[in-house]
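Asker: Could you have a look at this structure, given as structure tokens, before my questions?
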Amino acid sequence: MTRIESLLSSLQPGVGYLIVTPVNRRYLTGFPSSLGYLLLGGGEALLFMDGRYFEAASKAAAPPVSVVQTKQLSEQLAEAAGRMGLSTVFTETEITVRTLEELRRLLPGRQVEASQSLTDRLEDMRTVKTPDEAQFIQRAQGMAEAAFLDILNMIRPGVAEADIALELDYRMRKAGAEDLAFETIAVAGANASLPHGVPGAYKVQAGDFVVMDFGAVCGGYRSDMTRTVAVGYADEEMRRVYDTVLAAQEAALAVLRPGLSCAEGDRAARSVIEKAGYGDCFSHSTGHGVGLEIHEKPNLSGRSQAVLEAGQVVTVEPGIYLPGKCGVRIEDMVYLTAEGCENLTKAPKELLIV
């Protein structure tokens, strides 16, 4: 049963789904587009595409999807909804109020509501990756790692953070990435204490840590990794912080498996950092799911009630951040298997001094 057939089979008579967000539309149809409407109901799946995408979508579509070229969208949607016998249409909650009002205008006389239940179901479906999806993520990860290894020799005193980030972006593209997974982070010195710092004009100095968080896109799927390197030398405190973060990550990697609670995964890493006296310096969760979006379910957080499942891809990224001094984060991605987890990240993690 396809993803769309699964959704169609669960619909009650008179109820339909209208999928409008690009990520969910792509997930369900396999076709990427910036705009489109996927209407599900009455056993039908209609993908409304404008002239920019119609031909390509028609070639890519597989049953039960039928592609319709939009000409008078309001009339076409209303006609289709009437034929399907829809009185209620649910859409995703990620849309804006303005978009919801526009959908109501396009489907007059019908109840159109944003549904948390639909959003949750789609997110839950997306969290478990097929082997093909995992392969795209693995390939994206390989592109990011190739870029990282390529730029190590340019990290030296006098080089600006922004130039390191730009070079990572360029190298990922050269390695075959179709896009960047997110805005690349490359921060050094005191700026490295900012978990999501923005690369700027600061020029690297000897004795700095440089934290780089970056990822590539392949087949629409994203990768995510972080490496921290020292420039010239690392003093005793820097080495202690680095070793603690690495030990915390290894502790989490050792326990991740299907059936483990996300909170337990977070606790495995966090307890190592707390015992070392840096508990207040680890300010974010241990990891998150990755897929068509850079942040997906599940969340390796102490507040999460979720349990890990085979097929999920999650990051493991503990960090220690010392305001005004430095920061360290080490991040791998793992694929949950029936036996445990497979680390998709192959780049070295021992402290590199460049």
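Asker: Under 17 Å Cα to Cα from Lys297, which lysines show up? Leave out anything in the same chain fewer than 8 places away.
Answerer: List returned: Lys129.
Asker: Here's another thing I want to ask about it. Rounded if a/c is under 1.5, else prolate if a/b beats b/c, else oblate: with a ≥ b ≥ c from the C-alpha gyration tensor eigenvalues square-rooted, which is the stretch 212-316? Intermediate results must be reported in sequence, preceding the final value.
Answerer: Numbers: a/c = 2.47, a/b = 1.30, b/c = 1.90.
Oblate is the answer for the stretch 212-316, as a/c is 1.5 or above yet b/c matches or exceeds a/b.
Asker: Another one. Calculated from DSSP H runs of 4 or more alone, at -39500 (n - 2.57) each and per residue, what is the 222 nm mean residue ellipticity of the chain, nearest 500?
Answerer: Values: 10 runs with 126 residues, N = 354.
Computed ellipticity for the chain at 222 nm equals -11000 deg cm²/dmol.
Asker: With θ taken as phi - 60° and the coefficients 6.51, -1.76 and 1.60, list the Karplus ³J(HN,Hα) couplings across the stretch 193-204 in order, rounded to whole Hz; mark glycine and proline as x.
Answerer: Whole-Hz 3J(HN,Hα) from phi for the stretch 193-204: 7, 9, x, 10, x, 9, x, x, 7, 4, 9, 4.
Asker: Let me have the relative contact order for the stretch 205-273, percent, based on Cα pairs under 8 Å that are six or more residues apart.
Answerer: Working: 70 pairs, mean separation 18.3, N = 69.
The normalised contact order for the stretch 205-273 reaches 27 percent.
Asker: May I pose another question? List the residues of the stretch 25-44 whose backbone N lies under 18 Å from a point placed 7 Å from the Cα of Asp124 along the Cα-to-Cβ direction.
Answerer: Flagged as within label range: 28.
Asker: How far is it, in nm, from the label point at Asp50 to the one at Lys275 when both lie 7 Å from their Cα along the line to the Cβ?
Answerer: In this crude label model, Asp50 to Lys275 measures out at 5.8 nm.
Asker: How big is the accessible area of Arg126 in square angstrom, nearest 10, if you roll a 1.4 angstrom probe over the protein chains?
Answerer: Roll a 1.4 Å probe over it and Arg126 shows about 10 Å².
Asker: Then there is this: Run the numbers for Arg83 and Arg104: contour at 0.36 nm per residue of separation, minus the present Cα-Cα distance, in nm.
Answerer: On the way: separation 21, 0.36 × 21 = 7.56 nm, distance 1.76 nm.
Gain on extension, Arg83 to Arg104, equals 5.8 nm.
Asker: Another question, if that's okay. Taking the full set of protein chains and a 1.4 angstrom probe, give the accessible area of Glu309 in square angstrom, rounded to the nearest 10.
Answerer: 90 Å²
Asker: If you take every residue apart from Gln205 with its C-beta less than 12 Å away from the C-beta of Gln205, what net charge results, scoring Lys and Arg +1 and Asp and Glu -1?
Answerer: Details: positive: Arg156, Lys203; negative: Glu161, Asp208.
Every neighbour counted, the sum reads 0.
Asker: Continuing with the same structure: Set the Förster radius R0 to 25 Å, insert the Cβ-Cβ distance between Ala162 and Ala206 as r into 1/(1 + (r/R0)^6), and round the FRET efficiency to 0.05.
Answerer: On the way: r = 19 Å, r/R0 = 0.77.
Once the sixth-power term is evaluated, E becomes 0.85.
Asker: If the chain between Phe182 and Leu194 were fully stretched, how many nm would it gain, using 0.36 nm times the residue separation less the Cα-Cα distance?
Answerer: Details: separation 12, 0.36 × 12 = 4.32 nm, distance 1.67 nm.
Extra length from Phe182 to Leu194 when fully extended: 2.7 nm.
Asker: If you average the sequence gap of Cα pairs under 8 Å that are 6 or more apart and divide by the length of the chain, what percent do you get for the contact order? If you can, show how the numbers build up before the last one.
Answerer: On the way: 793 pairs, mean separation 50.0, N = 354.
About 14 percent, as a whole number.
Asker: Computing the accessible area with a 1.4 Å probe over protein heavy atoms, can you report the carbon and sulfur percentage for the chain? Mind dumping the intermediate values first?
Answerer: On the way: 7770 of 15190 Å².
Solvent-exposed carbon and sulfur of the chain make up 51 percent of the total.
Asker: Now for a different question. Just the accessible area per residue of the chain, please: how many Å² with a 1.4 Å probe?
Answerer: The answer is 43 Å² per residue.
Asker: Something else now. Could you sort Thr99, Thr226, Thr88 by accessible area so the largest value comes first, with the probe set to 1.4 Å?
Answerer: The ordering from most to least exposed comes out as Thr99, Thr88, Thr226.
The values are calculated or read from the model by the stated rules, or taken from the named source; none is laboratory data. Note that the structure is predicted; figures quoted are calculated from it, not measured. For neighbour counting, all protein chains shown are included, and Cβ atoms are generated from backbone atoms with ideal geometry for every residue, glycine included. Ligands, DNA and RNA are excluded from the accessible area calculation, which covers all protein heavy atoms including side chains. Shrake-Rupley method; radii C 1.70, N 1.55, O 1.52, S 1.80 Å.
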